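Only one structure is covered here, and it is reproduced in the block below.
The values are calculated or read from the model by the stated rules, or taken from the named source; none is laboratory data. Since we're looking at a predicted model, the values are computed, not measured. Neighbour counts run over all protein chains shown; Cβ positions are idealised from the backbone, glycine included.
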Amino acid sequence: MKLGALLRIALRSLATNKLRSALTMLGIIIGVAAVIVMIAVGQGAQARVAEQIRALGSNLLLILSGARTQGGVRLSVGSTYTITEDDAYAINREIPEAVAAPALRGGAQVIWGNSNWATQIYGTTPEYLEVREWPLADGRAFEPAEMSGAGKVCIVGQTVVKQLFGGADPLGQVIRIKRVPFTVVGVLSTKGQSMMGTDQDDIIIVPIGTARNRVLGRANIAAQRSVSVIWVKAAEGYDTKRVEDEVRALLRQRHRLQQGADDDFSLRNLADIMAAQEASSRVLALLLAAVASVSLVVGGIGIMNIMLVSVTERTREIGLRMAVGARTRDILGQFLVEAVTLSLIGGLVGVLLGVGASVGIANVAGWNIVLSGRSILLAVAFAVVTGVFFGFYPARKAARLNPVEALRYE
Amino acid sequence: MPDALLQTRHLVKVYRVGDNAIRALDDVSVEIACGEFVAVMGPSGSGKSTFMNLLGCLDRSTSGEYLLAGRRVSELGGDELAEVRNRNIGFVFQSFNLLPRTSALENVELPLVYAGVAAQERHTRAQGMLARVGLGERAHHQPAQLSGGQQQRVAIARALVTQPVLILADEPTGALDSRTSLEIMALLQDLNASGMTVVVVTHEPDVAHFARRVLRFLDGRLVGDAAP
């Protein structure tokens, strides 16, 4: 018997019990939709992490002032200032495969004309842009004279452009940071959110010397040239791990730490942290898909249940079909096609629902989602396999009926 | 008998119910020639239905031989039996056994579907067969829209559509009133007159009168073979 004929029989039988067919499909619909949404959300989270790794720049090391023990009291990371600008310059000088940028961080109210905006002030060197792989959208970086002479120039991020200048061209404009006038010489390109969700574009970069003397200078900074953080990038093609070891050795030597003494700085390998986060997001995505596929299996059991009922209900019909010449495989095919039709239609409706729900989640919750053709195909294929798997037993039961008994069945 | 259409030799059918073996059919040997009109009679439990199921290749005998159109049917497998039922035998049942919510035409087409006949030819042949049983106008009615007699005519058209050598009717008038019964029997008689071999299982003597030969069963044995 041809597939087309079997399909017609299946569709007619399903159309006879529309509500029942629809309810049976519901299990598959929900299962497929759940699989698609979960994969979309999972892959979206993964893509976001990957995006953040790209945005942060891979092979990044972060040096923070370390935990230090003072008179037996152990102070937390960053509570004291143990790293200096000179550490950064030493790294640049002594480790050719690393680029380091020292930075002082602080917040300040910024004024331009009538508008003002509270933003992050970053005192650093031109190497910072290279380390962060953060090109300028417009203008130029700081010049050596501006670095050495504490020039009052700054580079602004995109959020600042939007909030402070309201979209006007900021190049050449003079803004006031804590009453000190700065000329805008450059505009950063868009960087997006950081791993922690903060807006990285809400920033103004100034030469580190200017920041220390004019903007962020604090009386209680013990060492005059201490900084909050040093960003280090391992040059392309070099092992970040090896660079990390070299940097640690250099800093320990510069800080005159004894063999066996704790580091007085904290060296963090961002790529490692990110990789761990990516791995966990992948596990999460896998877990979500696994949970979703459980609902698909439950839907399959629903199909089996209804197909068993259908076979019992139509015992006489099966007997008659056998009497007029249906072979075992014809009956098997008929009920198998019916089960697969149920699951396939359910699967296709589930795809629509799943794609719709994914887009809805993206719009309403603002989550990052990734809809891939492969995941949709996978969900539909899984639904069909479910139909075959759970349809086979009822179909075989039908095909094995004894025609005499089937014809006499009440 | 050279032109015997079907021939049974020492046919035995034993059913097992729990520990008991019931001999539903006990050593039945009979020959039916082409073009005969045979009635099978007997009280319930006499084995006539079992005999019918064996003749119709719906069931297999425990022992003995059954030859249909020269073919040793008792040795065939399930799918081969399905093919024999499809090609050589037309069934008419007491309760019509039409597919519900399916037009008369499609009901008649059903055996042709399993025979692998193309759609166009199926329609033509089914339509022709419905016309022959006097229902050419009702081809697109569903069983629920037809009277009992009309439904049985559809069933007869379905039995005839593959041009079988044998029509097996199991209590074909059991669910019909007496007037409609006469019409259906007249139709079967008409088919027989045109050369079709017809075997009717019945317990009504009136119905048996249409036949030219009556096989009587009792307790699984063939006890009578005579004209009505």
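Quick notes on this one:
- Test: residue in the stretch B:23-46 that is of a type outside the set (Phe, Trp, Tyr) and within 12 Å of another protein chain (Cβ to nearest Cβ): yes
- Condition check for A:Thr159: modelled with pLDDT under 85 and within 26 Å of the chain's Cα centre (by Cα): no
- Hits in the stretch B:107-121 - residues which are surrounded by 21 or more Cβ atoms within 10 Å (Cβ to Cβ) and over 24 Å from B:Asp190 (Cα atoms): B:Val113, B:Tyr114
- Test: B:Gly136 is away from chain A (no Cβ under 14 Å) and out of contact with any Cys (no Cβ under 9 Å at 6 or more places or on another chain): yes
- Candidates in the stretch A:251-260 are the residues that are modelled with pLDDT of 80 or more and either touching a Ser or Thr at 6+ places or on another chain (Cβ under 7 Å) or assigned to a loop (DSSP other than H, G, I, E, B) (or both); of these, the one that is surrounded by the most Cβ atoms within 10 Å (Cβ to Cβ) is A:His255.
- Identity of the residue in the stretch B:75-87, within 14 Å of chain A (Cβ to nearest Cβ) and among the charged types (D, E, K, R), that ends up surrounded by the most Cβ atoms within 10 Å (Cβ to Cβ): B:Arg85
- Matching residues, the stretch A:180-205, being within 15 Å of A:Val161 (Cα to Cα) and assigned to a strand (DSSP E or B): A:Phe182, A:Thr183, A:Val184, A:Val185, A:Gly186, A:Val187, A:Leu188, A:Asp199, A:Ile203, A:Ile204, A:Ile205
- Restricting B:Ala169, B:Ala131 to those that are modelled with pLDDT under 95 and surrounded by 16 or more Cβ atoms within 10 Å (Cβ to Cβ) reduces the list to B:Ala169.
- Scan of the stretch A:321-358 for residues that are away from chain B (no Cβ under 14 Å), among the polar types (S, T, N, Q) and over 30 Å from the mean Cα position of the chain (by Cα), ordered by number: A:Thr341, A:Ser343
- First in the stretch A:1-22 and more than 13 Å from every other protein chain (Cβ to nearest Cβ), second anywhere and loosely packed, with under 15 Cβ neighbours inside 10 Å, Cβ under 9 Å, 6 or more apart: A:Arg20/A:Val309; A:Ser21/A:Ala15
- The residues of the stretch A:137-160 that are farther than 18 Å from A:Leu216 by Cα and basic (Lys, Arg) amount to a single one, A:Arg140.
- Those residues of the stretch A:130-160 which are more than 8 Å from A:Val187 (Cα to Cα), of a type in the set (A, V, I, L, M) and either without any contact (Cβ under 8 Å) to a residue 60 or more places away in the chain or not assigned by TED's automatic domain parsing to the domain that holds A:Arg179 (or both), in sequence order: A:Ala141, A:Ala145, A:Val153, A:Val160
- When the stretch A:320-332 is filtered for residues that are surrounded by fewer than 23 Cβ atoms within 10 Å (Cβ to Cβ) and either of a type in the set (D, E, K, R) or assigned to a loop (DSSP other than H, G, I, E, B) (or both), the ones remaining, listed by number, are A:Arg327, A:Arg329, A:Asp330.
- Residue identified as within 14 Å of another protein chain (Cβ to nearest Cβ), surrounded by fewer than 19 Cβ atoms within 10 Å (Cβ to Cβ) and over 16 Å from the mean Cα position of the chain (by Cα) among A:Glu313, A:Glu317: A:Glu313
- Among the conditions (1) more than 30 Å from A:Trp367 (Cα to Cα); (2) assigned by TED's automatic domain parsing to the domain that holds A:Pro403; (3) polar (S, T, N, Q), A:Ser293 misses just one, which is (1).
Table: residues versus (1) small (Gly, Ala, Ser); (2) out of contact with any helix residue (DSSP H, G or I) (no Cβ under 9 Å at 6 or more places or on another chain); (3) surrounded by fewer than 17 Cβ atoms within 10 Å (Cβ to Cβ).
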| site | (1), (2), (3) |
| --- | --- |
| A:Tyr89 | no, yes, yes |
| A:Ala103 | yes, no, no |
| A:Ala108 | yes, no, no |
| A:Ile121 | no, no, no |
| A:Gln158 | no, yes, no |
| A:Ala168 | yes, no, yes |
| A:Leu171 | no, yes, yes |
| A:Pro181 | no, yes, yes |
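- Check on B:Arg72, of a type outside the set (S, T, N, Q), surrounded by fewer than 20 Cβ atoms within 10 Å (Cβ to Cβ) and within 14 Å of chain A (Cβ to nearest Cβ): no
- Looking only at the stretch B:29-58, and only at residues there that are among the β-branched types (Val, Ile, Thr) and closer than 13 Å to B:Thr197 by Cα, the one that is farthest from the chain's Cα centre (by Cα): B:Ile32
- Close contacts from the stretch A:168-191, counting a first residue that is outside the structural domain of A:Leu136 (by TED's automatic domain parsing) and free of Cβ contacts under 8 Å to residues at least 12 places away in the same chain and a second that is surrounded by 13 or more Cβ atoms within 10 Å (Cβ to Cβ) and part of a loop (DSSP other than H, G, I, E, B), with Cβ to Cβ under 7 Å and a gap of 6+ residues or different chains, come to none at all.
- Of everything listed in (1) surrounded by fewer than 19 Cβ atoms within 10 Å (Cβ to Cβ); (2) out of contact with any strand residue (DSSP E or B) (no Cβ under 6 Å at 6 or more places or on another chain); (3) small (Gly, Ala, Ser); (4) more than 13 Å from chain A (Cβ to nearest Cβ), the single unmet condition for B:Ala104 is (1).
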